[in-house]
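For reference, the structure is listed below as structure tokens.
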Amino acid sequence: MKNALKIFKKEIKEVIRNKSIWAPILIISVMFSIFLPLALMFAGDISEDVEAMEFISKMFGSSVDAQEAMINFMVKQFIIFLLLIPAMIPSLIAPASIILEKESKTLEPLLATPIKTKELMLGKTMTSIIPAFLISILNFIILTINIDIISYLKFGILPLPNLEWVISAFILSPVISFIITTISLVFSSKTTDIRSAQGIGSAIIIPIYAVIGLQIAGFFLLNIYYLLLGCAILIAICPLLLKLTIKTFDRENILTKWKMK
């Protein structure tokens, strides 16, 4: 554990200084936690929109308050959108921690030390997951403040935080970060192209947009049961991915055969 902490302390300083990592994260954060919620401020009375009322009746029932139901529906979409952040951050940090060390010739001396592979992987995993978790929580808090202020001023309600918010922020978010980190580390150990390795994080965008699209189309409505089911499946995958990462990280190949193109 001490070796893992040493790796984390060393690499987190480099991550903080890397502007190419933080620029896209800042853009996504501002867009989904600030700008999109502000769109609610300009939303009109949907009771006059026939299609909107039909959609609300289908998804929530005809007895609910239309404005409150629409706010709750929008909140579900914002929460899912914010899951892009815990996917994006590890996909940018994890490949850089391997490939850039290859380029700078600092990875080989590290692997030549008695440090165990699991300690090395743990240190690099912490370097990705901890910033991802902290930034994700910050964005969830900013989203909550914006949504509650706007909703209270317009409709007199405080929709956040709710149980879906808690599960997404404190369970689903770090689990997604862990999965993307481990997959990125596997790809990074096999390639010299940092862009292709970083692209693995974009794979999570597809199911996230699929969930949003299916909700907007009216096929289903995200709830606690779906979130818990998703968390259970992803958590079950985590130890398998960790074993795969440790097993496929080929130290001998990096030390003796790997050459930069």
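The values are calculated or read from the model by the stated rules, or taken from the named source; none is laboratory data. The structure displayed is predicted, hence computed values, not measured ones. Here the Cβ is made from the backbone with ideal geometry for all residues, glycine too, and neighbour counts use every protein chain on show.
Show the residue pairs meeting these rules: Cβ distance below 8 Å; 6+ apart or different chains; first residue within region 147-174 and on the phi < 0 side of the Ramachandran plot; second residue basic (Lys, Arg).
Note: pairs meeting the criteria are GLU164/LYS76.
Do the conditions hold for GLN67, that is, is it within 28 Å of ILE142 (Cα to Cα), part of a helix (DSSP H, G or I), modelled with pLDDT under 75 and not aromatic (Phe, Trp, Tyr)?
Details: within 28 Å of ILE142 (Cα to Cα): yes; part of a helix (DSSP H, G or I): yes; modelled with pLDDT under 75: yes; not aromatic (Phe, Trp, Tyr): yes.
Criteria met by GLN67.
Checking SER20 against (1) under 17 Å from ILE135 (Cβ atoms); (2) modelled with pLDDT under 80; (3) surrounded by 11 or more Cβ atoms within 10 Å (Cβ to Cβ), which single condition isn't satisfied?
(3)
Tell me which of these GLY201 doesn't satisfy, since it passes every other one: (1) modelled with pLDDT of 85 or more; (2) surrounded by 14 or more Cβ atoms within 10 Å (Cβ to Cβ); (3) over 24 Å from ASN72 (Cα atoms).
Of the numbered conditions (1) modelled with pLDDT of 85 or more; (2) surrounded by 14 or more Cβ atoms within 10 Å (Cβ to Cβ); (3) over 24 Å from ASN72 (Cα atoms), the odd one out for GLY201 is (1).
Pick from region 175-196 the residues that are out of contact with any Asp or Glu (no Cβ under 9 Å at 6 or more places or on another chain) and hydroxyl-bearing (Ser, Thr, Tyr): which of them is modelled with the highest pLDDT?
Applying the filter and picking the extreme gives SER177.
Regarding region 239-253, can at least one residue be identified that is loosely packed, with under 11 Cβ neighbours inside 10 Å, at pLDDT below 70 and of a type in the set (A, V, I, L, M, F, W, C)?
Narrowing region 239-253 to residues loosely packed, with under 11 Cβ neighbours inside 10 Å: 239-240, 247, 252.
This time we only want the ones that are at pLDDT below 70, so: 252.
Going one step further and asking which of them are of a type in the set (A, V, I, L, M, F, W, C), we end up with none.
Scanning region 239-253, I find no residue that is loosely packed, with under 11 Cβ neighbours inside 10 Å, at pLDDT below 70 and of a type in the set (A, V, I, L, M, F, W, C), so the answer is no.
Pull out all pairs, ordered by first then second residue, where Cβ-Cβ is under 9 Å, the residues are six or more apart or on different chains, the first lies in region 218-245 and is assigned to a helix (DSSP H, G or I), and the second is surrounded by fewer than 12 Cβ atoms within 10 Å (Cβ to Cβ).
ILE224/LEU163; TYR226/PHE220; LEU227/LEU163
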